[in-house]
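Engineer: Below is the structure I would like to discuss, written out as structure tokens.
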Amino acid sequence: TRDAARSAPSEPEGPAPTPPPVGYTDIRSGTWLERVLPAGAGPYLRLARVDRPVGTYLLLWPCVWSTALAASPGGLPDARLLALFAVGSFAMRGAGCTINDMWDRDIDRQVERTRSRPLASGELSMAQASAFLCAQLLTGLGVLVQLPSTTVLVGLAAMPLVVAYPLAKRVTSWPQLVLGLTFNWGALVGWSAVRGELALEVLVPLYLGAACWTLHYDTLYAYQDVRDDKRIGVRSSALSLGAEVGSGELRARAGLALFALGATAGVAGAGAAVGMGAPFYAGLALGGSGLTWHAAMVPLSNRAACLAAFQQSHYFGLVVAAAIVAGRVAQPMAAASVI
């Protein structure tokens, strides 16, 4: 085997191992970026999931929501802040993936979908991943220090969650909840960058609603791995809800529907706190209906369908962002009751 060959002292050191053959995977190699960049860049791009940008969108949208909510009635969100958050989301999503793969490299080798990840397959060493992680974190820090001092503190407060999330699947049956608390910290960052403070009546429902959104889309994502996770003892919300035909599937769909309802209600609560009107609620209803449709209709035993539903989930973020901007623009600029 490859492991035996690696441990035999008489064998000369050979080239870096290549990823093992896989059946089902969402990892793409040979993308146009890999073709135009130096050959050695490919494993780093895959480690940061550059080939799958949906995670960056999912991290970015809560920042956009809170920035747009913090805009003045009748106004648009700050374009400079949105640009900074886009760069920061790209860097920190990549850093989160690197940290996750460093913690999970032994688990990833046992899961069909993930065994060809660069660290699990041996394409990259831990030392190489650590150096890459430092570059990613420095990029994120470079974005953060351009924000107000209050926002810098708010942003730094998320780091324990970023580091701890990969451990959650070892100690809790709901690691997707920990991910939700981690991935949606931008809901706090955007508002504080505009206003210089945290308005809890707006941000608590927004943050909790965004966490429910993450529970929804990442539970669908986790259904891809339920067989391998059950075999190796890794916990997930998908396993907690169940997916067996009959009562297990009904429980899973009810859970997903509750997550969709929580996401919609949380964002609605934030909108109500700033005095939003009909354009906002119309857009939010459209986005919430999409989440509900996924909860009811996605075949949970079909890994490709679950992956597709996960990839489509960022459209909820886009629709909510558009609804918030439309709602803010439609507000009278002199509305005394608006935050």
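The values are calculated or read from the model by the stated rules, or taken from the named source; none is laboratory data. As the structure is a prediction and not an experimental result, all values here were calculated from the model. Glycine also receives a Cβ, built like all others from the backbone with ideal geometry; neighbour counts cover every protein chain displayed. These accessible areas exclude ligands, DNA and RNA; they are computed on the full protein's heavy atoms, side chains included. Shrake-Rupley method; radii C 1.70, N 1.55, O 1.52, S 1.80 Å.
Engineer: With Gly275, Gly262, Gly266 as the choices, which residue is in a loop (DSSP other than H, G, I, E, B) and under 27 Å from Val202 (Cα atoms)?
Structural biologist: Details: Gly262 fails: in a loop (DSSP other than H, G, I, E, B); Gly266 fails: in a loop (DSSP other than H, G, I, E, B).
Sole residue among the options that is in a loop (DSSP other than H, G, I, E, B) and under 27 Å from Val202 (Cα atoms): Gly275.
Engineer: Follow-up. State whether one or more residues within the range 76-91 are among the charged types (D, E, K, R) and surrounded by 20 or more Cβ atoms within 10 Å (Cβ to Cβ).
Structural biologist: So in the range 76-91, the residues among the charged types (D, E, K, R) come out as 78, 80.
From what's left, surrounded by 20 or more Cβ atoms within 10 Å (Cβ to Cβ): none.
No, every residue in the range 76-91 fails to be among the charged types (D, E, K, R) and surrounded by 20 or more Cβ atoms within 10 Å (Cβ to Cβ).
Engineer: Please work out if His294 is touching a Ser or Thr at 6+ places or on another chain (Cβ under 8 Å) and either in contact (Cβ under 8 Å) with a residue 60 or more places away in the chain or among the β-branched types (Val, Ile, Thr) (or both).
Structural biologist: Yes.
Engineer: Give the range 71-99 a look and list any residue that's hydrophobic (A, V, I, L, M, F, W, C), more than 22 Å from Leu161 (Cβ to Cβ) and touching a Pro at 6+ places or on another chain (Cβ under 8 Å), or say none.
Structural biologist: Ala71
Engineer: Related question: Just wondering, is there one or more residues in the range 299-311 that are surrounded by fewer than 23 Cβ atoms within 10 Å (Cβ to Cβ), at pLDDT 95 or above and aromatic (Phe, Trp, Tyr)?
Structural biologist: Scanning the range 299-311, I find no residue that is surrounded by fewer than 23 Cβ atoms within 10 Å (Cβ to Cβ), at pLDDT 95 or above and aromatic (Phe, Trp, Tyr), so the answer is no.
Engineer: In contact with a Phe, Trp or Tyr (Cβ under 6 Å, 6 or more places away or on another chain) and at pLDDT 95 or above - does that describe any residue in the range 129-137? Show your work before the answer.
Structural biologist: Initial filter on the range 129-137 (in contact with a Phe, Trp or Tyr (Cβ under 6 Å, 6 or more places away or on another chain)): 132.
With at pLDDT 95 or above added as a condition, the list becomes 132.
Yes, some residue in the range 129-137 is in contact with a Phe, Trp or Tyr (Cβ under 6 Å, 6 or more places away or on another chain) and at pLDDT 95 or above.
Engineer: Say whether the condition of being open to solvent by 10 Å² or more (accessible area, probe 1.4 Å), in contact (Cβ under 8 Å) with a residue 60 or more places away in the chain and small (Gly, Ala, Ser) is met by at least one residue in the range 244-264.
Structural biologist: Within the range 244-264, none of the residues are open to solvent by 10 Å² or more (accessible area, probe 1.4 Å), in contact (Cβ under 8 Å) with a residue 60 or more places away in the chain and small (Gly, Ala, Ser).
Engineer: In the set Val194, Val189, which member is open to solvent by 20 Å² or more (accessible area, probe 1.4 Å) and modelled with pLDDT of 95 or more?
Structural biologist: Val194
Engineer: Does the range 21-73 hold any residues that are open to solvent by 40 Å² or more (accessible area, probe 1.4 Å) and aliphatic (A, V, I, L, M), and which are they?
Structural biologist: The answer is Val22, Leu33, Val36, Leu37, Ala39.
Engineer: Looking at Asp78, Asp51, which one is among the acidic types (Asp, Glu) and farther than 18 Å from Leu144 by Cβ? Spell out the reasoning first.
Structural biologist: Numbers: Asp78 fails: farther than 18 Å from Leu144 by Cβ.
So the residue among Asp78, Asp51 that is among the acidic types (Asp, Glu) and farther than 18 Å from Leu144 by Cβ is Asp51.
Engineer: Looking at the range 147-172, which of its residues are out of contact with any Gly (no Cβ under 6 Å at 6 or more places or on another chain) and open to solvent by 50 Å² or more (accessible area, probe 1.4 Å)?
Structural biologist: Once the filter is applied, which keeps residues that are out of contact with any Gly (no Cβ under 6 Å at 6 or more places or on another chain) and open to solvent by 50 Å² or more (accessible area, probe 1.4 Å), the range 147-172 yields Ser149, Leu153, Leu156, Ala157, Met159, Pro160, Val163, Leu167, Arg170, Val171.
Engineer: If you don't mind, there's one more thing I want to ask. Is it the case that Leu258 is modelled with pLDDT of 95 or more and under 26 Å from Lys169 (Cα atoms)?
Structural biologist: On the way: modelled with pLDDT of 95 or more: yes; under 26 Å from Lys169 (Cα atoms): yes.
It is true that Leu258 is modelled with pLDDT of 95 or more and under 26 Å from Lys169 (Cα atoms).
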